[in-house]
Structure formats: structure tokens, C-alpha cells
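Visitor: Mind having a look at this structure? Questions to follow.
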Amino acid sequence: MATLFSPNFQTVDGNGIPASGAKLFFYEAGTTTKADTYTDKARSVANTNPVVLDTLGQPPSAIFLQDILYDVVLAESTDTDNIDTGLSAGTGALPISRGGTGATTAAAARSNLDVPSNSELADLASDVSDVQASLQGIVS
């Protein structure tokens with residue numbers, strides 16, 4: 001089964017201008033061996049490696065992967081890997097509007113994304129079980 005690699009991002013340079021021609025290199029995880037990606041779900045047409053980003057600094061809409069683990073490296077059109085992501089390395093939180101959680105902890109991420117806690121899910125499961133038992137009693 002082909003997996004769709006679908007990052008929703010735009011790369012920009014230090015001045016905020018789209019990094020036209022930036023490159024995504026795909027490698028077998030933990031190695032320097034390039035790994036193929038594909039333009040179609042059937043994996044019959046291989047992409048170039050690297051995949052070159054468009055004039056807006058975005059990848060093609062469809063990149064299909066093999067059933068392996070990949071390392072993906074983003075590089076400038078000159079093949080150097082110092083693309084400015086607009087975020088400080090290792091600090092801060094990726095905003096929800098940019099595909100992140102807006103948080104630096106799991107609890108804060110759950111809160112920001114309005115995800116119920118484990119205890120809330122356990123309470124809900126208990127309530128569902130009680131309703132099922134009551135319905136079973138009515139049917140019997």
C-alpha cells in the first residue's frame with residue numbers, strides 16, 4: 001500500500017520570500033542511501049530525488065512513499081540545508097495554523113486542540129457501558 005507524503009508547508013528564505021527550487025532529499029532512515037518516492041499511488045513513476053519545490057516553495061501535491069522508514073532533508077536550491085523555517089530551532093511551539101499544536105507539552109497540546117483527557121475518555125466509556133446495560137435490561 002502506498003503512503004501519501006503530504007506535508008503542508010511553504011519554505012521561505014531569511015527575507016520571507018518563497019524558496020523557489022528548494023529540494024527535499026529522501027533517504028532510507030539512518031543512512032545516506034537515497035530512497036525512491038513516486039508520483040502515483042501505484043508507485044510506477046519515480047520522482048526525482050531530490051524533489052524540487054515549486055516557485056511558491058511548496059512540494060508537489062502528491063509524493064507517494066514506499067513501505068519503509070525515510071529521513072527527509074530540506075535543502076536550498078544550492079543543496080545546502082540552512083533553510084529558514086521561521087522558527088527557532090528547539091524552542092517555541094508550531095502554531096496550529098501552521099500544522100502544529102501551539103504547545104510545548106502534551107497536556108497543553110491536548111488542551112489547545114480540545115482533545116479529552118484520559119480520565120474524561122474513561123468516564124465517557126463508563127457512561128456508554130451504563131447506557132448499554134440499561135438498554136439491554138429494557139430489551140430483555
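Visitor: Quick check on segment 31-52: of everything there that is open to solvent by less than 50 Å² (accessible area, probe 1.4 Å) and part of a loop (DSSP other than H, G, I, E, B), which residue is farthest from THR78 (Cα to Cα)?
Guide: Among those that are open to solvent by less than 50 Å² (accessible area, probe 1.4 Å) and part of a loop (DSSP other than H, G, I, E, B), it is ASP40.
Visitor: Same structure again: Mind checking which pairs have a first residue in segment 114-140 that is touching a residue at least 24 places away in the same chain (Cβ under 8 Å) and a second that is of a type outside the set (S, T, N, Q), Cβ under 8 Å, 6 or more apart or different chains?
Guide: The qualifying pairs do not exist here.
Visitor: Oh, and also: Can you pull out every residue in segment 53-82 that is open to solvent by 80 Å² or more (accessible area, probe 1.4 Å) and touching a Ser or Thr at 6+ places or on another chain (Cβ under 9 Å)?
Guide: THR55, LEU56, SER61, ASP67
Visitor: Among all residue pairs at least 6 apart or on different chains, which show Cβ distances below 6 Å where the first residue, located in segment 1-30, is within 18 Å of ASN49 (Cα to Cα) and open to solvent by less than 50 Å² (accessible area, probe 1.4 Å) and the second is among the polar types (S, T, N, Q) and in a strand (DSSP E or B)?
Guide: Pairs found: PHE26/THR37.
Visitor: State the number of residues belonging to segment 112-129 that are among the aliphatic types (A, V, I, L, M), exposed (fewer than 11 other Cβ atoms within 10 Å of the Cβ) and not in a helix (DSSP H, G or I).
Guide: The total comes to 0.
Visitor: Output yes when any residue across segment 89-105 is surrounded by 10 or more Cβ atoms within 10 Å (Cβ to Cβ), out of contact with any strand residue (DSSP E or B) (no Cβ under 9 Å at 6 or more places or on another chain) and either part of a helix (DSSP H, G or I) or at pLDDT 90 or above (or both), and no when none is.
Guide: yes
The values are calculated or read from the model by the stated rules, or taken from the named source; none is laboratory data. The structure presented is a predicted model; accordingly, all values stated were derived computationally and were not measured. Don't worry about glycine lacking a Cβ; one is built from the backbone with ideal geometry, like all the others, and counts go over all protein chains shown. The protein model used for the area step is the full one, side chains on, heavy atoms only, and it has no ligands, DNA or RNA in it. Shrake-Rupley method; radii C 1.70, N 1.55, O 1.52, S 1.80 Å.
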